[in-house]
1. At a Förster radius of 25 Å, what calculated FRET efficiency corresponds to the Cβ-Cβ distance of ALA17 and ASP387, to the nearest 0.05?
2. Kindly express, to the nearest 10 degrees and within the range 0 to 90, the angle between helix 280-289's C-alpha long axis and the longest C-alpha principal axis of the chain.
3. Could you tell me what percent of the accessible area of the chain is made up of carbon and sulfur, with a 1.4 Å probe and every protein chain present?
4. Pick out, from ALA281, LEU164, VAL204, the residue whose Cα sits farthest towards the positive end of the charge dipole of segment 152-289, with +1 on the Cβ of Lys and Arg and -1 on the Cβ of Asp and Glu.
5. Using the basic label-point model (7 angstrom from Cα toward the beta carbon), what is the LYS108 to ALA122 distance in nanometres?
6. Once label points are set 7 Å from the Cα along Cα→Cβ at both LEU98 and ARG370, what is their separation, rounded to one decimal in nm?
7. Of the candidates VAL314, VAL294, VAL147, which one comes out as most mobile in a Gaussian network treatment of the chain with C-alpha springs shorter than 10 Å?
8. May I ask you to derive the relative contact order of segment 250-359, considering only C-alpha pairs under 8 Å and at least 6 residues apart, and to give it as an integer percent?
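The values are calculated or read from the model by the stated rules, or taken from the named source; none is laboratory data. Note that the coordinates shown come from a computational prediction; the quantities given were computed from them, not determined experimentally. Quick reminder, even Gly has a Cβ in these numbers, built from the backbone with ideal geometry, and neighbours come from all protein chains shown. Ligands, DNA and RNA are excluded from the accessible area calculation, which covers all protein heavy atoms including side chains. Shrake-Rupley method; radii C 1.70, N 1.55, O 1.52, S 1.80 Å.
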Amino acid sequence: MKATLYRNARVWTPVDAGTPAGGPLQGRVASWERGALLCRGDRIARVGDEREILAAVTPVDVGAEVDCGGRCMIPGFVDPHTHLCFTRPREREFLSRLEGAGYLEELKKGGGILSSVAAVRAAGEAELFEATKARAEACLRLGTTTVEIKSGYGLSTEAELKQLRVIARVGRETPLSVVPTFLGAHAVPPEFQGDPEGYVELLVGEMLPAVARAGAARFCDVFCEEGVFSIAHARRILGAARAAGLGAKIHADEIHDTGGAGLAAELGAVSADHLLAASEANLAAMAAAGVVAVLLPAAAYSLRKPYAPARRMVEIGLPVAVATDCNPGSSFTESMPFVFGLSVVQMGLSVAEALVAATLNAAYAVGLGREAGCLAPGRRADFLLLDGETPGVLAFHAGVSPVRSVFKAGRLVHGAASAAELGGSREAG
Ligand code: NIG
Ligand code: FE
């Protein structure tokens, strides 16, 4: 099979050391001012300095050559935390919050997450698929090539399975790699109001086994929060999930410190997410246990909360990833470029640290650290060309997407429609 050579690119990539990158490794990237990437089929064959690569490949081996015009090339984003599978966003609720309404108060009144549950339960599977697919395609145009999608707006066995079928179908019918997560413990559904124990019983006894039998999810997640699910509930649910072969994730300490970060460390969860209110001791326990901290600055933005202490996390060696948390309520954005900008400007990550957070560490947070998230030989050829010279343009050119082209598994899936449009390409060999 002939290879394609992408040359004249400013290549930036995390360097994988075999584990999530924490502490000083959080900002460890390789870059080449005049770099190149050689792709064979869906895989990366070589990456590095253009001259060295040209010297190493024979012209007959190269089927096509693309001049990237000096644009910055980075790995495709991995968005490791989304709730993309819903019908419509709750814009009115956002307006009420701007007027002072509280997020958890909405939920207590049966709104918030529960109003999305009512809508998803009522929706036909085809309609839910179209809505979810449209949003996934928006993610792709913004540079996301791997996305985690949670259920959690069904909250019954049947409706959760409907969501998980839709999520799997998005993986089959779009170029995106999709990682499905079962979030049956997102809220207590109306039919169990006042009886969370009864719902946890159903979840562990019926929903989880059905999800596992169908092979419909890779991870199980729990929204651990005051008035939602307690630490004891989460311990029970995630223990059962592990026994059924699913990895653990936790929505931890988003609004109150209930000890979710500590539980993630205790269980060896793959990630704990949000962490706005987590204690320093529990963050340190996560670092020691190798749990990735998935930060969701667009949720902090939309809820007008202080951002998670990302700098402190890096200082204590906790690997940081970032995600959109795209959902109909607390964070309505598909944009990893926006999240990248918030990570740098509001959370104080360096450009290199944010790049690792949005690619390699994000890949580790969904169990794909050895497959996605960096540009290296043997990895899937998921990469982006940016209209800029460094990944810093993602933060600098705000409110728009500097993502010019998106390549998934070696194929152009969005952007400059032909190599010629990128400027200065030619067919070779
Ligand atoms: O991660 N916090 C819980 N779940 C989502 C919000 C879901 C919703 O508001 O619909 C989150 O922010
Ligand atoms: Fe979330």
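1. Working: r = 30 Å, r/R0 = 1.22.
About 0.25, to the nearest 0.05.
2. 60
3. On the way: 8090 of 15430 Å².
Summing carbon and sulfur atoms, their accessible area is 52 percent of the total for the chain.
4. With unit charges placed on the Cβ atoms, the residue in question is LEU164.
5. In this crude spin-label approximation the distance works out to 2.6 nm.
6. Modelled inter-label distance: 4.8 nm.
7. VAL314
8. Working: 224 pairs, mean separation 22.6, N = 110.
Across segment 250-359, relative contact order equals 21 percent.
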